[in-house]
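Remarks on the structure that follows.
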Amino acid sequence: MALALLSAGGFAASADDGRPPAPIGTGHPPLSSSVPLTELRPSEIRSAPTSAPSLIPVDQPRRAPVRKKELVLFVGGYGSAANDGAFDELKARFPTDRYEVRRLGDDPHFPYDTYGSVDANARVLTDQIRHISADYSAVDIVSHSMGGVVVDRALAGGLSSGDGVATYISIAGPHSGADFARAPAFVLPIIAPVKDIVRAGGVLVARDPQSVAISDLATASPVRTPTGIVRVDASLATDGFVNEFDARDPGVPQRLFLPATPRELLDGHGGSLINRQIGDLVVETIRTHTVPPDRRDPTTRFLAPILWDEETRLWRQVLLIITLAAVSLYVARFLPFCRGPIDRINAWCGRLLHALGR
């Protein structure tokens with residue numbers, strides 16, 4: 001720019017320096033005083049930079065911050081174990097590049113005794129989440145059966161969105177207690193001389209009907225969800241083990257589905273963990289951190305409550321028969337010729353329970 005202005009200034013000076021024009025072919029003699037060639041002051045003429053601006057070395061590219069994964073934490077039910085594979089189908093549905101899937105009880109520092117106190121297990125759950133939540137962008141809890149009561153107690157004890165919890169989906173959760181816990185909690189202390197026979201039968205068929213957890217389940221009640229946590233409940237209509245009254249959870253959206261496989265038809269409680277529609281609900285709730293729209297078809301919405309009501313009646317009848325059988329065994333012990341054999345069977349069942357860790 002300076003050179004251009006100098007050239008322009010020189011041309012202007014030669015064209016008009018204040019003297020009359022010279023004849024063609026002649027020129028003016030040099031002036032005795034210098035004529036400024038430009039009006040720019042030296043301080044206004046900027047020189048080219050002497051050095052290039054600093055550049056980021058090629059071998060040190062800028063790196064985007066590492067995105068934290070979300071933690072999906074499964075909480076199993078009564079008598080479950082961290083390595084039993086119950087949640088395997090659900091676990092496979094979460095991409096490993098975005099989610100880390102864990103299960104309460106898989107860390108020996110935070111043991112989960114499913115036969116122990118629900119309140120104690122709730123404290124373990126709270127401690128584990130508070131210990132590791134900073135490593136994740138959010139914590140999503142998925143519970144099954146009694147696991148829902150453990151989570152309820154943890155929320156009642158102070159676990160909240162402030163601890164990183166974003167969503168809580170309960171599958172087949174007995175939020176209002178369970179008939180199959182209330183009956184043995186009341187009856188077994190009365191029939192103490194034959195209770196080991198009843199307990200051994202329960203262990204061989206399903207789970208031990210006597211434990212601290214059973215006593216807690218017998219008196220469980222719903223818990224209000226803390227603000228900031230997305231909540232939804234899901235069950236299969238063929239689940240009579242946790243029936244429609246056990247699963248009552250006021251204020252929480254509940255989705256009831258029809259069985260889609262023979263296993264889900266025969267075992268609606270355990271089958272709820274492999275039901276495709278329940279799995280879709282779990283994944284979408286965690287992915288969006290909102291309660292998904294109710295996408296159940298009209299047939300499901302109409303038939304599922306009717307089927308669940310019938311299942312509740314059926315399983316309550318089964319429970320009544322089991323209870324009457326246990327009481328009848330206790331009464332039979334008062335017969336002289338029955339006391340000895342019953343006492344021997346009860347003692348043998350006690351040793352069996354001990355051998356099984358119960």
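Read-outs: derived from the displayed coordinates by stated rules, not from any lab. Note that this is a predicted model, so its numbers are computed, not measured. Glycine gets a Cβ as well: all are built from the backbone with ideal geometry, and neighbour counts include every protein chain shown.
Residues that are within 14 Å of residue 74 (Cα to Cα) and either among the charged types (D, E, K, R) or in contact with a Ser or Thr (Cβ under 7 Å, 6 or more places away or on another chain) (or both) within region 155-167 comprise just one, 167.
Can you tell me which residue is surrounded by the most Cβ atoms within 10 Å (Cβ to Cβ) among those in region 328-358 that are under 45 Å from the mean Cα position of the chain (by Cα) and of a type in the set (Lys, Arg)? Among those that are under 45 Å from the mean Cα position of the chain (by Cα) and of a type in the set (Lys, Arg), it is 358.
Collect the residues in region 281-310 that are in a loop (DSSP other than H, G, I, E, B), surrounded by 13 or more Cβ atoms within 10 Å (Cβ to Cβ) and more than 21 Å from the chain's Cα centre (by Cα), keeping them in residue-number order.
Step one: list which residues in region 281-310 are in a loop (DSSP other than H, G, I, E, B), which gives 289-297.
Narrowing the set further to residues that are surrounded by 13 or more Cβ atoms within 10 Å (Cβ to Cβ) leaves 289, 291-292, 296.
If the condition is that a residue be in a loop (DSSP other than H, G, I, E, B), surrounded by 13 or more Cβ atoms within 10 Å (Cβ to Cβ) and more than 21 Å from the chain's Cα centre (by Cα), then 296 is the only one that fits.
Reported count of residues in region 190-226, each being among the polar types (S, T, N, Q) and either touching a helix residue (DSSP H, G or I) at 6+ places or on another chain (Cβ under 7 Å) or farther than 30 Å from residue 164 by Cα (or both), is 4. Checking each residue in region 311-351 for being in a helix (DSSP H, G or I), more than 29 Å from residue 269 (Cα to Cα) and not aliphatic (A, V, I, L, M) picks out 330, 336, 337, 338, 339, 340, 341, 343, 344, 346, 348, 351.
Yes/no per residue for (1) free of Cβ contacts under 8 Å to residues at least 40 places away in the same chain; (2) under 23 Å from residue 141 (Cα atoms); (3) surrounded by 13 or more Cβ atoms within 10 Å (Cβ to Cβ); (4) in contact with a Leu (Cβ under 9 Å, 6 or more places away or on another chain):
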{"site": "238", "(1), (2), (3), (4)": "no, no, yes, yes"}
{"site": "248", "(1), (2), (3), (4)": "no, yes, yes, no"}
{"site": "263", "(1), (2), (3), (4)": "yes, no, yes, no"}
{"site": "266", "(1), (2), (3), (4)": "yes, no, no, no"}
{"site": "277", "(1), (2), (3), (4)": "yes, yes, yes, yes"}
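Looking only at region 169-201, count every residue that is among the aromatic types (Phe, Trp, Tyr) and either in contact with an Asp or Glu (Cβ under 6 Å, 6 or more places away or on another chain) or closer than 24 Å to residue 258 by Cβ (or both) and tell me the total. Spell out how you get there, then give the answer.
Taking region 169-201 first, the residues among the aromatic types (Phe, Trp, Tyr) are 180, 186.
Okay, now just the ones that are also either in contact with an Asp or Glu (Cβ under 6 Å, 6 or more places away or on another chain) or closer than 24 Å to residue 258 by Cβ (or both), so 180.
Here the count works out to 1.
Annotation note: Cβ proximity below 9 Å between a residue of region 65-84 that is among the aliphatic types (A, V, I, L, M) and a residue that is loosely packed, with under 13 Cβ neighbours inside 10 Å and not in a loop (DSSP other than H, G, I, E, B) (sequence gap 6+ or interchain) occurs for 71/135. Region 206-278 holds helices (runs of 4 or more DSSP H) entirely within its bounds, and those carrying 2 or more residues that are closer than 30 Å to residue 192 by Cα and in contact with a Gly (Cβ under 7 Å, 6 or more places away or on another chain) map to 212-218. Before we move on, is residue 326 farther than 30 Å from residue 100 by Cα, in contact with a helix residue (DSSP H, G or I) (Cβ under 6 Å, 6 or more places away or on another chain) and touching a residue at least 60 places away in the same chain (Cβ under 8 Å)? Yes, satisfied.
The numbered conditions (1) within 27 Å of residue 68 (Cβ to Cβ); (2) surrounded by 20 or more Cβ atoms within 10 Å (Cβ to Cβ); (3) hydroxyl-bearing (Ser, Thr, Tyr) are all true for residue 137 except (2). Every test in (1) under 21 Å from residue 171 (Cα atoms); (2) surrounded by 15 or more Cβ atoms within 10 Å (Cβ to Cβ) is passed by residue 92 save one, and that test is (2).
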